[in-house]
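Visitor: Right, I'll just put the structure down here and ask away after.
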Amino acid sequence: MQRIVIALCLALATLGFPRLARADLEVVATVPTLAAIAKSIGGEHVSVTSLALPTQDPHFVDAKPSLAIKLNKADLLLVVGLQLEMGWLPPLQTGARNSKIQVGAEGYLDCSLVAKLMGVPTNVDRSQGDIHPGGNPHYLYDPRQIEQVAVAIAGRMSELDGDQATSYKQNLKAFLKKLHSLRQKLEKKLAPHRGATVIGYHRSWIYVADWLGLEQVAFLEPKPGIPPNPGHVAKVLVKARQAKVKAILEETYYPDTTAKLVAEKSGAKLVTLAGGVDFAGGEDVFGYLTKLADALDRGLSR
């Protein structure tokens, strides 16, 4: 009798405290922009985590054990690819002890495979700096590439979680409609700046330049991943003056001393942006793209 009473009390107690619901899919993205896309597609059916912060250079993320723990529970891992995460992601995958998110597994999605890539080198020579043999990995600044990535993510979610495939498809349709509308709005806003000359710190902005018709005439890094040196900066400054450069573009995680110097000496404006969506702060892709366009519009206006 005592056992029955105890069991009944436990059952009643359980009724008073609802169980914590587990998402249908646990998704981990290497960068916050991928995380934001995944959340828009998955909605209430997914739990999404980003390994990197928008304030971190995605080439150099500290492979903390806490990140491996996040990967241990993941059903789907989204990566930028093109060796962007090469220096820190593989040991985390090994440490996670999760066969579902290893390279080649169904729970591993290299989003670069669906992007229209730029900056593919004809020769791979490490003396050229930190080059990416497969192409430039900074395609997530371009809404045209985001569209392709979103389609791929929705498809993979549907494969992993067929019960919610209809929901993912509907969310994708709404996402693409909103993205297309925003893209048209931003292109119209920035149309007066087509042909404007800019300089980038890193080779991060070639997709944006292609999307908006900007002319990128130089980079502050003499080679990808190599910090600016006085001789190179002097050459860039001459080119900036000759080309009447309007803006210097760089992410906030890069040092801005050189960019400020070149901007001041050339009469250009310095435009700095976070390297991705502030996913942890509740920002989505649409908010980030709007912020990017607003910053470019201010920087390119004289």
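Any read-out appearing in this document is the output of simple, stated calculations on the displayed coordinates, not a laboratory observation. What you are looking at is a predicted structure, and each value in this text was computed from that prediction instead of being measured. FYI the Cβ positions are ideal-geometry reconstructions off the backbone, even for glycines, and counts take in every protein chain you see.
Visitor: Setting aside same-chain residues fewer than 8 positions from Lys239, which lysines have a Cα under 26 Å from its Cα?
Guide: Lys223, Lys260, Lys265, Lys269
Visitor: Step by step: find N for the stretch 188-302, compute 2.2 N^0.38 Å, then divide the Cα radius of gyration by it. What's the final number? Can you show the working numbers first?
Guide: Working: Rg = 13.9 Å, N = 115, 2.2 N^0.38 = 13.4 Å.
Here the answer is 1.04, to two decimals.
Visitor: Suppose we keep just the DSSP beta bridges with both residues in the chain; what percent of those would be antiparallel, to 5? Each step should come with its number before you reach the end.
Guide: Numbers: 0 of 23 bridges.
Given both bridge residues lie in the chain, the antiparallel proportion sits at roughly 0 percent.
Visitor: Could you work out the helix-only [θ] at 222 nm for the chain, with each DSSP H run of four or more residues adding -39,500 (n - 2.57) and the total divided by the number of residues, to the nearest 500 deg cm²/dmol? Display every interim value, and only then the final one.
Guide: On the way: 10 runs with 132 residues, N = 302.
It lands at -14000 deg cm²/dmol.
Visitor: So, by mean Cβ neighbours within 10 angstrom, what's the order for 59-70, 267-278 with the highest one leading? Walk me through the numbers on the way to the answer.
Guide: Values: 59-70: 14.6, 267-278: 20.4.
Taking the mean over residues of other Cβ atoms within 10 Å, the ranking is 267-278, 59-70.
Visitor: Considering only the other residues whose Cβ falls under 9 Å of the Cβ of Val27, what net charge follows from Lys and Arg at +1 and Asp and Glu at -1? Before the final figure, lay out the partial values.
Guide: On the way: positive: Lys39; negative: Glu26, Asp75.
Its environment carries a net charge of -1.
Visitor: Next question, about the same structure. Around Tyr254, what is the net charge, scoring Lys/Arg as +1 and Asp/Glu as -1 over all other residues with Cβ under 14 Å from its Cβ?
Guide: Numbers: positive: Arg203, Lys260; negative: Asp57, Asp130, Glu221, Glu250, Glu251, Asp256.
Net local charge, Tyr254 excluded: -4.
Visitor: Hey, another quick one. At a Cα cut-off below 17 Å, give the lysines reachable from Lys173, other chains included and same-chain residues fewer than 8 away excluded.
Guide: Lys39
Visitor: Can you list the aspartates and glutamates whose alpha carbon is less than 12 Å from that of Lys189, not counting same-chain residues fewer than 8 positions off?
Guide: Qualifying aspartates and glutamates at Cα under 12 Å: Asp294, Asp297.
Visitor: May I ask for the distance between the Cα centers of the stretch 132-208 and the stretch 246-260, given as a whole number of Å?
Guide: Between the Cα centre of the stretch 132-208 and that of the stretch 246-260, the gap is 24 Å.
Visitor: Tell me the net charge near Glu106. Cut-off is 13 Å between Cβ atoms, Glu106 excluded, with +1 for each Lys or Arg and -1 for each Asp or Glu.
Guide: Local charge sum for Glu106: -2.
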